[in-house]
Amino acid sequence: MRVTFLGAAAVVFGAWNTGCVTSAPPSSSPAEDRPPNIVIIFSDDLGYGDLGAYGHPTIVTPHLDRMAAEGQRWTSFYSQAPVCSPSRAALLTGRVHLRSGMFGREQGVFFPDSHYGLPDDEVTLAEVLKDVGYATGIVGKWHLGHQPEYRPMRHGFDSWFGIPYSNDMDRQLPPGVERSEATFNPLSDYWYVPLMRNDEEIERPADQTTLTKRYTEEAVAFIQAHRDEPFFLYVPHSMPHVPLFRSDAFAGRSAAGRYGDVIEEIDWSVGQILHTLEREQLAQNTLVVFSSDNGPWLAYRQHGGSAGLLRDGKGTTWEGGTRVPGIFWWPDTIEPGVVRDIGATTDLFSTVVTLAGGSVPSDRPIDSFDLSPVLFGHESSPRDSMAFYRRGQLFAFRTGPYKAHFITEGAYGSGPERTEHHPPVLFHLGDDPGENHNIATDRPDVVAAVVAAADKHRAAMTVAEPLFDVRGEP
Ligand code: MG
């Protein structure tokens, strides 16, 4: 029987959580001599249903499938937010993004004319790991402020190769090229996106056709350069965020079209990283995590991915907006299996800090749970709830298998329109993961319990000034 934090409400939720692996712990323990290396591979807008290991019928992902088979594949793993910037802030700080001001009442993310970025007084995963002797590198998209004072180098990273914000920003279409034409038949020149090495702009516009390939080469070189010391490598891919680009070697290769090409190149990239770790004899001392910053961008049809049987996608607080693949790989240490407990990208902070022997900051609220006991097969997840925010407002709340929506809205104003629900709409995510059947009328007791849990969460949430809305000339 699992006991939820709701106390009396545990009676309502009962023993829902039986998905945790239960076999004996593996013989080897995490690093006695040296703390483990950490590699976090974070794709952009990749949906829950986009990998072979998560049931996609035509996208071929042997390397990610291998990670899942040899490690843990989580089926209730969430990004903290349904769009890029807040999701990345939560990953790197272990905090709900409202606490750091990484949201807007109007804007969902940072843009090339945004004034702010992740505040200096936030403590990032890179900073904590650097403090305990890790080499730290980011290869990929940052999206937490492009101004010099907000870039990765000011947030604990020793090195950066990548782009400062989304690959569809700085749009500069030539006369006669419509936006939809540019999106579905993209050329790198259509977006004046800079490619950075540390604080230097080295290419503009970035040749997007080779971004995944070059990120991979940089990631491999980083691992090789730091093989004799603990390292943290963060690889936030620019893809499969539209516009979709892939290198020539992958063009036309997938049965799933251009989107499939892009995912299969990311899968190749994952394979290169795993092979490098094995070749350098580092695999047994490295945790590799694969996830996504939010769900698929469905408005782009075949150029957007799939959330599988989950409802809706990026931008929304339906399950398809934030439930994403979560794969953990660490040979001979992680107990292989499928984990159906709740976890979140936000939890990577405390999990990794604990494994690295660092300290989770004690001077501020942290919303991150240490998942390592689950990874080692000893315990079920300490997380039993998830909050779903949009523009700084709590739209929905999950506790145990139940999720209540207080407000619903389609992605990016594409409809359905914003609707407040009194009483909330209620779904049981166990027997209805697609959120199709509202059971609020049948279960007023559960509605009351989830509302109480959401109220408790809201009351404990410290909310900073939203920083996304300040754009353009001051
Ligand atoms: Mg994204």
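Check VAL425 against each of (1) touching a residue at least 40 places away in the same chain (Cβ under 8 Å); (2) open to solvent by less than 30 Å² (accessible area, probe 1.4 Å); (3) not charged (D, E, K, R) and name the one condition it does not meet.
Of everything listed in (1) touching a residue at least 40 places away in the same chain (Cβ under 8 Å); (2) open to solvent by less than 30 Å² (accessible area, probe 1.4 Å); (3) not charged (D, E, K, R), VAL425 misses just condition (1).
Which ones in region 457-474 are exposed (fewer than 15 other Cβ atoms within 10 Å of the Cβ) and part of a helix (DSSP H, G or I)?
If the condition is that a residue be exposed (fewer than 15 other Cβ atoms within 10 Å of the Cβ) and part of a helix (DSSP H, G or I), then ARG458, ALA459, ALA460 are the ones that fit.
Please specify each residue of region 272-292 satisfying the condition of being assigned to a helix (DSSP H, G or I) and either within 16 Å of the ligand (Cβ to nearest atom) or of a type outside the set (Val, Ile, Thr) (or both).
Hits for region 272-292 are GLN272, LEU274, HIS275, LEU277, GLU278, ARG279, ALA283, GLN284, ASN285.
In region 120-127, is there at least one residue being under 27 Å from VAL39 (Cβ atoms) and either within 16 Å of the ligand (Cβ to nearest atom) or of a type in the set (Val, Ile, Thr) (or both)?
Yes, because at least one residue in region 120-127 is under 27 Å from VAL39 (Cβ atoms) and either within 16 Å of the ligand (Cβ to nearest atom) or of a type in the set (Val, Ile, Thr) (or both).
Need the failing condition index for LYS314 against (1) closer than 19 Å to SER76 by Cβ; (2) away from the ligand (no atom under 16 Å from the Cβ), just the number.
(2)
Does region 200-209 include one or more residues that are over 27 Å from ARG390 (Cα atoms) and buried (at least 22 other Cβ atoms within 10 Å of the Cβ)?
Yes, region 200-209 contains at least one residue that is over 27 Å from ARG390 (Cα atoms) and buried (at least 22 other Cβ atoms within 10 Å of the Cβ).
May I ask you to list the residues in region 74-90 that are more than 19 Å from TRP297 (Cα to Cα) and either surrounded by fewer than 24 Cβ atoms within 10 Å (Cβ to Cβ) or within 14 Å of the ligand (Cβ to nearest atom) (or both)?
Correct list: THR75, SER76, ALA89, ALA90.
Could you please let me know if VAL446 is crowded, with 22+ Cβ neighbours inside 10 Å and part of a helix (DSSP H, G or I)?
no
Each row is one residue, and each column tells you yes or no for (1) within 17 Å of TRP297 (Cα to Cα); (2) charged (D, E, K, R); (3) modelled with pLDDT of 95 or more.
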site	(1), (2), (3)
SER166	yes, no, yes
ASP170	no, yes, yes
PRO174	no, no, yes
PHE184	yes, no, yes
SER188	no, no, yes
VAL193	no, no, yes
ARG197	no, yes, yes
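Check whether at least one residue in region 157-169 is over 28 Å from HIS115 (Cα atoms) and either in contact with a helix residue (DSSP H, G or I) (Cβ under 9 Å, 6 or more places away or on another chain) or open to solvent by less than 10 Å² (accessible area, probe 1.4 Å) (or both), and report yes or no.
No, region 157-169 contains no residue that is over 28 Å from HIS115 (Cα atoms) and either in contact with a helix residue (DSSP H, G or I) (Cβ under 9 Å, 6 or more places away or on another chain) or open to solvent by less than 10 Å² (accessible area, probe 1.4 Å) (or both).
Among the residues of region 116-133, write down those that are touching a strand residue (DSSP E or B) at 6+ places or on another chain (Cβ under 7 Å) and open to solvent by 10 Å² or more (accessible area, probe 1.4 Å).
Correct list: LYS130 only.
Would you list the strands (runs of 3 or more DSSP E) that sit entirely within region 173-261 and hold 1 or more residues that are in contact with a Gly (Cβ under 9 Å, 6 or more places away or on another chain)?
On the way: elements: 195-197, 200-203, 231-236.
Output list reads 195-197, 231-236.
Could you list all residues from region 103-116 that are farther than 17 Å from MET461 by Cβ and in contact (Cβ under 8 Å) with a residue 60 or more places away in the chain?
Matches in region 103-116: GLU106, GLN107, GLY108, VAL109, PHE110, PHE111, ASP113, SER114, HIS115, TYR116.
Please indicate, with yes or no, whether at least one residue in region 47-61 is surrounded by fewer than 24 Cβ atoms within 10 Å (Cβ to Cβ), more than 16 Å from the ligand (Cβ to nearest atom), at pLDDT below 50 and more than 14 Å from the chain's Cα centre (by Cα).
no
Scanning region 250-277 for residues that are open to solvent by 60 Å² or more (accessible area, probe 1.4 Å) and in contact (Cβ under 8 Å) with a residue 24 or more places away in the chain, which turns out nearest to THR58 (Cα to Cα)? Reasoning before the result, please.
Step one: filter region 250-277 for residues open to solvent by 60 Å² or more (accessible area, probe 1.4 Å), giving 252-253, 255, 268, 272, 275.
Then keep just the ones that are in contact (Cβ under 8 Å) with a residue 24 or more places away in the chain; that gives 255, 268, 272.
Numbers: ALA255: 6, TRP268: 16, GLN272: 22 Å.
It comes out as ALA255.
Report, by residue number, each residue of region 154-174 that is closer than 30 Å to ALA135 by Cα and within 16 Å of the ligand (Cβ to nearest atom).
GLY162, ILE163, PRO164, TYR165, SER166, ASN167 - these are the residues of region 154-174 that are closer than 30 Å to ALA135 by Cα and within 16 Å of the ligand (Cβ to nearest atom).
Exactly one condition in (1) touching a residue at least 24 places away in the same chain (Cβ under 8 Å); (2) more than 16 Å from the ligand (Cβ to nearest atom); (3) closer than 27 Å to GLY313 by Cβ is false for PHE232; which is it?
Unmet condition: (3).
Identify, from the list ALA459, ALA448, ALA464, the residue that is under 24 Å from PHE103 (Cα atoms) and more than 25 Å from the chain's Cα centre (by Cα).
ALA459
Are there any pairs, at least 6 apart or on different chains, whose C-beta atoms fall under 7 Å, with the first in region 81-102 and among the acidic types (Asp, Glu) and the second open to solvent by less than 10 Å² (accessible area, probe 1.4 Å), and if so, which?
That search, which allows pairs on different chains as well, returns nothing.
The values are calculated or read from the model by the stated rules, or taken from the named source; none is laboratory data. Since we're looking at a predicted model, the values are computed, not measured. Using ideal geometry, Cβ is built from the backbone for each residue, glycine included, and neighbour counts are taken over all protein chains shown. Ligands, DNA and RNA are excluded from the accessible area calculation, which covers all protein heavy atoms including side chains. Shrake-Rupley method; radii C 1.70, N 1.55, O 1.52, S 1.80 Å.
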